[in-house]
Amino acid sequence: VHFPDVERVEWLNKVLVQAWPYFGTIMEKTFKEVLEPKIRAKSVHLKTCTFTKIHFGEKCPRINGIKAYTKEIDRRQVTLDLQICYIGDCEIHMDISKFNLGVKGVQLYGTLRVILEPLLTDAPFVGAVTLFFMQKPHLEINWAGMSNLLDVPGINVMSDSLIQDFIAARLVLPNRITVPLKKNMNIAHLRFPVPQGVIRVHLLEAENLVQKDNFLGAIRGKSDPYALLRLGTVQQRSKTVSRDLNPIWNETFEFVVHEVPGQDLEVDLYDEDPDKDDFMGSLLIGLVDVMNDRTVDEWFPLSKTTSGHLHLKLEWLSLVTDQEKLHEDKKGLSTAILIVYLDSAFNLPKNHFEYSNGDCGAKKIKNNKYLKKMEREPSSFVLLTVGSKTQKSKTCNFSKDPTWGQAFTFFVHSAHSQSLHIEIKDKERDSALGTSVVCLSHLLKDPNMTLDQRFQLDHSSSDSFIKMKLVLRALNVEEPDPQRVKAGVSAPKPGPVRVTEKAGNQQKSAPPPQVSKVPPMSKDSAALESLPKKDSGEDLDTKDSSSGPVPSATVSGLDEAEDKQNAERGPSSALPSAAAAVPTLPVLQEMRLAPSVTSLGSLPSSCFELSSSNLDIHNGTEMPLGEIQLTVRYASIRQSLVVLVNGCRNLVPSSSRGVDPYVRIYLLPDRRWTSRKKTSVKKKTLNPQYDEKFEFFESLENVKKRTLDIAVKNSKPFISQERKELGKVRIDLSQEDLIKGFAQW
């Protein structure tokens, strides 16, 4: 699929094809001269490891597309997203003692982010290159040798997932590979930048989930749904709600967001079963709009399933150094985040006997057969604990001065009272080589809430230290920007519509619109000026208004108003000042007849085409047929065009018995019956109120090529001779700013 902002780079793929044999030669040399000695040094059992065959094959990786970011980022960097696909025929075989192990073909695809920063004024012009995968890449390996063992399903999955975890641990956010290109370049802040924010996810409820449990293959029971929420490498699970297709969870989860745009929130719903859990639908939410809107509270339709909606409230929390934001939260939610940059340790003892038992302990074990093992340098890892959460570093083998170079994040509930506990352990003997406790209140003494220093280790040698950088940041829920029209569906409408979404059937109530006494053709400015005033609560009951059209003006008055309107539409400066407060919207013209032949040429292109199918034409003049109020916007989070049909007013009756109006929507050119959207029917009214929401799941690029065809129809008996169509509006979506959205009569 070719998206407009993802560029195809066939020239780069041609370069890769040409250079691949040379790259293969370099890699073969690296495997033999660098990797083989490293593997042999790892363990006694691997001393005989030898690569017997290294061939990188004919098929080279392919870059399906590159997306370059320039606007959303710092001016001293370039960010590229590479969609990488490698279906390789490489062959690598190695002998370990009597066993022959090997790989015969690898499949790998994912999005690799490449950040070039900082940009410099002298050669090589780029200080460093940082690489990481946004999400865990998809990996498949065909094993060769020991095939009978590795074809056992359990072991095959285990080895694949173990290797994926190995890649994830080094390549997936928050971990990064940073390669300095300039000498003496300090890359610590590039490898471990402060996260961009925190997303707080309130998992509220779901409705109309698919039934997955069957008894005896026929009678369907109710499912036991639970949710898995994923962001990067972090996964969290909700509680299971027993026997309910409309479960209510009311749970809250928090995730650290490292890269926006790029990282997405994934939600999968499953039905818990004793044997295998059944998949019930999924959801993918881009975080750019959540970051811009600050708070999004919506019902999201589930994909990859036949039915079901999920109600989430998403809050974007920015990271600030304002200590006033650190007050304890009574609801048990986090108030801050602690980032630990674990660098290295110095002079670790070889074993805990060196400091705990002294000479006495050493004499006791002098004749011990494990003495040689004790005298080896320690293989150490670090356990970091804040509150009830413990995280473990990688293991550095056989070094008393290990360097870990890793970053960890913890959610903090009370910075004044909580502490960070550090314990360095030896992998071989599972004994502690040193401990340390840092009270987070020490960080509050620094205006930037940062400590970068060496910490003395307790229960260790007198000259043993650990080097860390600790950064504390308060979580701040910012108020949404009032100038911004939200991209989400729950956004406040720039008109009088006050929507209250109820769980379940999503009924919404909105005050009926005011009946306008303005001549129908000059509604452009009138509608815009009257929008802010309509929240005053002086809502007129339109049901009592006359059933006919509002007597407005003579034909000549209409023509004058139309000329006036055309003049207004020309230069934007001619718009009234009140219109500036509201997003300047293409005004939905009243539902009316096709304009007279004389005025057709003067209509500006922003006018919507109006159909006059089977409508009476009165002397070539325009007879108003009423109005429809619509709210249209594109929700980037859900990748859908959202059309909210608010209501109609002053419809023209097609018969003496009254009308039962409903609204039908097509997204042209698609006129299939299956893709038609239709509101409910309102009985015997010329001012129906619908407040019904419809979604078309299409990419923004596709939506921009489409036209909305909206018709108000009369629900008539099958054999009736009454006119069915009451009026029609067409909106050319290529002319609109759909991300901003518009609401208009």
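Among residues of region 208-240 being surrounded by fewer than 20 Cβ atoms within 10 Å (Cβ to Cβ) and aliphatic (A, V, I, L, M), the one that is modelled with the highest pLDDT is LEU228. Under the condition of being modelled with pLDDT of 80 or more and open to solvent by 20 Å² or more (accessible area, probe 1.4 Å), the residues counted in region 712-722 number 2. Of the residues making up region 662-708, those that are more than 26 Å from the chain's Cα centre (by Cα) and assigned to a helix (DSSP H, G or I) number 3.
Checked against (1) open to solvent by 50 Å² or more (accessible area, probe 1.4 Å); (2) under 15 Å from the mean Cα position of the chain (by Cα), VAL296 passes all but a single condition, namely (1). Would you check if LEU112 is open to solvent by 30 Å² or more (accessible area, probe 1.4 Å), without any contact (Cβ under 8 Å) to a residue 40 or more places away in the chain and either over 23 Å from ILE141 (Cα atoms) or under 22 Å from the mean Cα position of the chain (by Cα) (or both)? Here the answer is no, as LEU112 does not meet what is asked. Being charged (D, E, K, R), in contact with an Asp or Glu (Cβ under 9 Å, 6 or more places away or on another chain), open to solvent by 10 Å² or more (accessible area, probe 1.4 Å) and modelled with pLDDT of 80 or more is a property that does not hold for LYS705. Considering region 644-657, the residues that are modelled with pLDDT of 80 or more and not aliphatic (A, V, I, L, M) include one that is farthest from LYS716 (Cα to Cα), namely ASN646. When every residue of region 307-318 is checked against the conditions, at least one turns out to be under 23 Å from TYR226 (Cα atoms), out of contact with any His (no Cβ under 8 Å at 6 or more places or on another chain), surrounded by fewer than 17 Cβ atoms within 10 Å (Cβ to Cβ) and modelled with pLDDT of 85 or more. The lone criterion from (1) surrounded by fewer than 16 Cβ atoms within 10 Å (Cβ to Cβ); (2) touching a strand residue (DSSP E or B) at 6+ places or on another chain (Cβ under 9 Å); (3) more than 22 Å from ASP289 (Cβ to Cβ) left unmet by GLU725 is number (1). Of the residues screened, GLY88 is one that is in a strand (DSSP E or B), farther than 30 Å from THR395 by Cα, of a type in the set (Gly, Ala, Ser) and not assigned by the TED database to the domain that holds ASN397.
Residue count for region 241-254, restricted to those that are in contact with an Asp or Glu (Cβ under 9 Å, 6 or more places away or on another chain) and open to solvent by less than 40 Å² (accessible area, probe 1.4 Å): 4. If the condition is being hydrophobic (A, V, I, L, M, F, W, C), modelled with pLDDT under 85 and assigned to a loop (DSSP other than H, G, I, E, B), then region 183-205 contributes MET185, ILE187, PHE192.
Does TYR69 count as within 22 Å of GLN263 (Cβ to Cβ) and in contact with a Cys (Cβ under 8 Å, 6 or more places away or on another chain)? So that I can check it myself, show each step before the final result.
Numbers: within 22 Å of GLN263 (Cβ to Cβ): yes; in contact with a Cys (Cβ under 8 Å, 6 or more places away or on another chain): no.
For TYR69, the condition - within 22 Å of GLN263 (Cβ to Cβ) and in contact with a Cys (Cβ under 8 Å, 6 or more places away or on another chain) - is not met.
SER655 meets all of the listed conditions (1) closer than 30 Å to PHE300 by Cβ; (2) assigned to a loop (DSSP other than H, G, I, E, B); (3) of a type outside the set (Lys, Arg); (4) in contact (Cβ under 8 Å) with a residue 24 or more places away in the chain but one, namely (1).
Could we say that GLU36 is among the charged types (D, E, K, R), open to solvent by less than 90 Å² (accessible area, probe 1.4 Å) and closer than 23 Å to GLU140 by Cα here? Against the criterion (among the charged types (D, E, K, R), open to solvent by less than 90 Å² (accessible area, probe 1.4 Å) and closer than 23 Å to GLU140 by Cα), GLU36 does not qualify.
Could you tell me whether any residue of region 274-285 is outside any strand (DSSP E or B), open to solvent by less than 50 Å² (accessible area, probe 1.4 Å) and under 30 Å from PHE192 (Cβ atoms)? Checked against the condition, which is being outside any strand (DSSP E or B), open to solvent by less than 50 Å² (accessible area, probe 1.4 Å) and under 30 Å from PHE192 (Cβ atoms), region 274-285 yields no hits at all. A count restricted to region 24-83 and to residues that are among the charged types (D, E, K, R), part of a loop (DSSP other than H, G, I, E, B) and farther than 21 Å from LEU287 by Cα stands at 5. Filtering SER611, SER599 for residues that are open to solvent by less than 30 Å² (accessible area, probe 1.4 Å), of a type in the set (Ser, Thr, Tyr), at pLDDT below 85 and more than 18 Å from GLU725 (Cα to Cα) leaves a single hit, SER599.
For (1) open to solvent by less than 30 Å² (accessible area, probe 1.4 Å); (2) in contact (Cβ under 8 Å) with a residue 40 or more places away in the chain, each residue gets a yes or a no:
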{"residue": "VAL256", "(1), (2)": "yes, yes"}
{"residue": "LEU265", "(1), (2)": "yes, yes"}
{"residue": "LEU287", "(1), (2)": "yes, yes"}
{"residue": "ASN292", "(1), (2)": "no, yes"}
{"residue": "VAL320", "(1), (2)": "no, yes"}
{"residue": "HIS327", "(1), (2)": "no, no"}
{"residue": "ILE337", "(1), (2)": "yes, yes"}
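Considering only residues that are polar (S, T, N, Q) and surrounded by fewer than 16 Cβ atoms within 10 Å (Cβ to Cβ), which ones fall in region 398-415? If the condition is that a residue be polar (S, T, N, Q) and surrounded by fewer than 16 Cβ atoms within 10 Å (Cβ to Cβ), then SER399, THR403 are the ones that fit. Taken over region 430-474, the criterion of being in a loop (DSSP other than H, G, I, E, B) and surrounded by fewer than 16 Cβ atoms within 10 Å (Cβ to Cβ) is satisfied by ASP430, SER431, ASP446, PRO447, ASN448, SER462, ASP463. Here the condition is being open to solvent by 10 Å² or more (accessible area, probe 1.4 Å) and touching a residue at least 12 places away in the same chain (Cβ under 8 Å); of TYR662, TYR634, it holds for TYR662 alone. Against the list (1) in contact with a helix residue (DSSP H, G or I) (Cβ under 9 Å, 6 or more places away or on another chain); (2) modelled with pLDDT of 75 or more, the condition SER159 fails is (2).
The values are calculated or read from the model by the stated rules, or taken from the named source; none is laboratory data. Please read all numbers here as calculations on a predicted model, not as lab measurements. A quick note on method: Cβ atoms are made from the backbone with ideal geometry, for glycine too, and the neighbour counts reach across all protein chains shown. Side chains are part of the model used for accessible areas, which takes the heavy atoms of the whole protein and leaves out ligands, DNA and RNA. Shrake-Rupley method; radii C 1.70, N 1.55, O 1.52, S 1.80 Å.
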